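Heads up: the structure comes next, in structure tokens.
Here, each number is a calculation from the coordinates, and none is a lab measurement. Values in this document were obtained by computation on a predicted structure and should not be read as measured data. Using ideal geometry, Cβ is built from the backbone for each residue, glycine included, and neighbour counts are taken over all protein chains shown.
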Amino acid sequence: MKLRNIVALICALAASAAMADKLYLKSGSMLTGKAGTASTGELVFVSDDLGEVKVKLENIERLEDAGSHVVRYDDDTRETMGLAVEKGAWRKGDKPLDMANVKEIDPEVEKWHGSVNGAFNAARGNTVENSWSVLANVNRRWEKDRFNATFGYYYSEKGTADTDKERSTDRWEAEAQHDHFWLTKVYTYENLRYDRDMIQALQARYRVGLGVGYQWLEKSLFETTGKWSFNQELGVNWIKEEYKESNDDVKKDGFCALRYAHHLSWLPKWNEGIEVFHNFEILPEVDDWDKYLAKADVGFATKLIYDLDLLAKIEWDYNSRPAGDRKKTDLRYLVGLGYKW
């Protein structure tokens, strides 16, 4: 290697070292690397030696950061600025950053998230059984808007031989909802839903709804338990149902219903790779309070390796006036593997 090439390499390494961010901890340790995003009291730091680590601000003595950070205020406006950390607190220049109106520093980059989970079960011998389910979700959160869509298909058949298997589950469902935040916690929503359940003789159920919601918590960090999200919704829905009666007759019905729903999510402090969730919804008919639909679920999803996850949940559906002699309640236990992004 020529001398001038060696000199150029040394200069490049020296420049790289000079440009590296330096993180000084109160314990006396020092890390070099690249400072990343900071939120919920933690700083993501990509160390040259340790890789990506999360460091609590309270444990930082000083951060020499050549980059900039995005500050999100309570009114949802944003500002990009150079910030430093000194003695566990943010500083702008030579003054402490006024955190009174700061909602978040380096909020999560707005992008699409989603998951696809599947489960399959088979039995052979005295009982011949096949069952499978596919669940999918896609969602995104913008500064003022939020979108969430779900899809599910459930099928099972059972008998004593391949020739006498009968369907015991044949259900489709799809739903989409858009929220627009007019205030920090107050939003309006529009949603659509489609259901089809051949075992319940339900050819189709269409729902269109409008309403208002309140976001009590949104990934709010509690020091002892972790991050919580909780919102409640109240609105009105137009529902159209088509039931297949005997002799292939189809009974159609349309009615207006009120809607109440809530959604709860918890990421435990000791393991944010786990998400525990609970959802509930009830729709009583406006003209007949004894007629209503309700559904709920409770479960968890946990990261296994890379982007693979395990989903386990219990689903409950209730129809106060099902078709014919069908039962009012359906209960499903689901465990499946999937991909999450």
Exercise for review: Report, in whole Å, the centroid distance computed from the Cα atoms of region 181-212 and region 61-132.
Suggested key: 28
**Study point:** Quotient of Cα Rg and 2.2 N^0.38 Å for region 34-169, N being how many residues it contains
**Key:** 1.79
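Compute the semi-axes of the equivalent ellipsoid of region 192-309, taking the square root of 5 times each eigenvalue of the Cα gyration tensor, and list them largest first in whole Å.
Each semi-axis is √(5λ); the values are 36, 19, 10 Å.
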Point to revise | Rule-of-thumb Rg ratio for the chain [Cα; 2.2 N^0.38 Å; N residues] | key: 1.32
**Study point:** Helix-only [θ]222 nm of the chain, DSSP H runs n ≥ 4, -39500 (n - 2.57) each, per residue, nearest 500
**Key:** -1500 deg cm²/dmol
**Study point:** region 298-338 and region 219-244: distance between their alpha carbon centers, rounded to Å
**Key:** 16
Review point. Taking a 26 Å limit on the Cα-Cα distance, which of the listed pairs K95/K269; K54/K92; K56/K219; K165/K340 fall beyond it?
Key: K95/K269; K165/K340
Study note, to complete from the structure: Counted neighbours (other Cβ, 10 Å), sorted fewest up, put T224, T150 in the order T224, T150
Practice item. Could you state the angle between the C-alpha long axis of helix 3-19 and the longest principal axis of the C-alpha atoms of the chain, as a value from 0 to 90 degrees rounded to the nearest 10? Key: 70
Study note, to complete from the structure: Under a Gaussian network model of the chain whose springs join Cα atoms within less than 10 Å, the largest fluctuation of Y73, Y260, Y194 belongs to Y73
Exercise for review: Using Cα pairs closer than 8 Å and at least 6 residues apart in sequence, work out the relative contact order for the chain, in percent.
Suggested key: 8
Exercise for review: Return the FRET efficiency for the residue pair Q232, D288: r is the Cβ-Cβ distance, R0 is 35 Å, and the value is rounded to the nearest 0.05.
Suggested key: 0.90
Point to revise | Within straight-line cross-link reach of K240, lysines at Cα separation under 23 Å, skipping those fewer than 8 residues along the same chain | key: K251, K252, K291, K295, K327, K328
Review point. Between K103 and N59, how many nm apart are label points set 7 Å from Cα along the C-beta direction?
Key: 2.9
Point to revise | Label-point separation, T184 to D325 (7 Å along Cα→Cβ), nm | key: 5.9
